[in-house]
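Structure first, commentary second.
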Amino acid sequence: MIEAAFEHVALNVPDRDSAVAWYVEHLGLHVVREIPGGMAFLADAGGTVVFELYNNENAGRIDFPATEPLALHIAFEVDDPRTAAEQLVAAGATVAEAYKEVGDDSMIMLRDPFGVGLQLVRRGTRMRA
């Protein structure tokens, strides 16, 4: 067995610059590394999770709007999923699955303006290691 740690997950998106700007403005992420016109690595406030947004016409691209959000989504821990969803919908996101409570968790599934599935979740028991 090797010892490994998550480094990042990458998404090839049609409009990297617009996607980066949206995540920075509306979810409070910050760019930790960027190659202009190429890759942008975004981190959450604690710097614990990083994902890369890039645009490469020669690489395969997932059809995010046609992909079931339960099959592929980015989950964000928030204090109040309903209120956060309202703010993101006002910023261009759409609701993909209604608010629900499962045990002591509450969540709502959205799509960002680019079609990527977003889950807003409040866990009864946080999943931080």
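The residues of segment 65-76 that are assigned to a loop (DSSP other than H, G, I, E, B) and surrounded by 11 or more Cβ atoms within 10 Å (Cβ to Cβ), listed by number, are THR67, GLU68, PRO69, LEU70, LEU72.
Take the residues in segment 2-55 that are surrounded by fewer than 17 Cβ atoms within 10 Å (Cβ to Cβ) and hydroxyl-bearing (Ser, Thr, Tyr); name whichever of them is nearest to ARG128 (Cα to Cα). So, considering only residues that are surrounded by fewer than 17 Cβ atoms within 10 Å (Cβ to Cβ) and hydroxyl-bearing (Ser, Thr, Tyr), the one nearest to ARG128 (Cα to Cα) is THR48.
Flag not set for PHE76, criterion: aromatic (Phe, Trp, Tyr) and closer than 15 Å to ALA10 by Cα. Among the residues of segment 109-127, is any within 20 Å of PHE6 (Cα to Cα) and either assigned by TED's automatic domain parsing to the domain that holds PHE6 or assigned to a loop (DSSP other than H, G, I, E, B) (or both)? The answer is yes; a qualifying residue exists. With the condition kept exactly as written, say whether any residue in segment 98-108 is among the polar types (S, T, N, Q) and not assigned by TED's automatic domain parsing to the domain that holds ARG123. No: segment 98-108 contains no residue that is among the polar types (S, T, N, Q) and not assigned by TED's automatic domain parsing to the domain that holds ARG123.
Listed residues GLU97, GLU101; which is surrounded by 11 or more Cβ atoms within 10 Å (Cβ to Cβ), of a type in the set (Asp, Glu) and touching a strand residue (DSSP E or B) at 6+ places or on another chain (Cβ under 7 Å)?
GLU97
LYS100 satisfies every condition listed in (1) closer than 24 Å to ALA45 by Cα; (2) free of Cβ contacts under 8 Å to residues at least 12 places away in the same chain except (1). Scanning segment 104-129 for residues that are among the polar types (S, T, N, Q), surrounded by 13 or more Cβ atoms within 10 Å (Cβ to Cβ) and over 24 Å from LEU11 (Cβ atoms) gives a single hit, SER106.
The values are calculated or read from the model by the stated rules, or taken from the named source; none is laboratory data. What you are looking at is a predicted structure, and each value in this text was computed from that prediction instead of being measured. Neighbour counts are summed over all protein chains in view; Cβ atoms, including those assigned to glycine, are modelled from backbone coordinates with ideal geometry.
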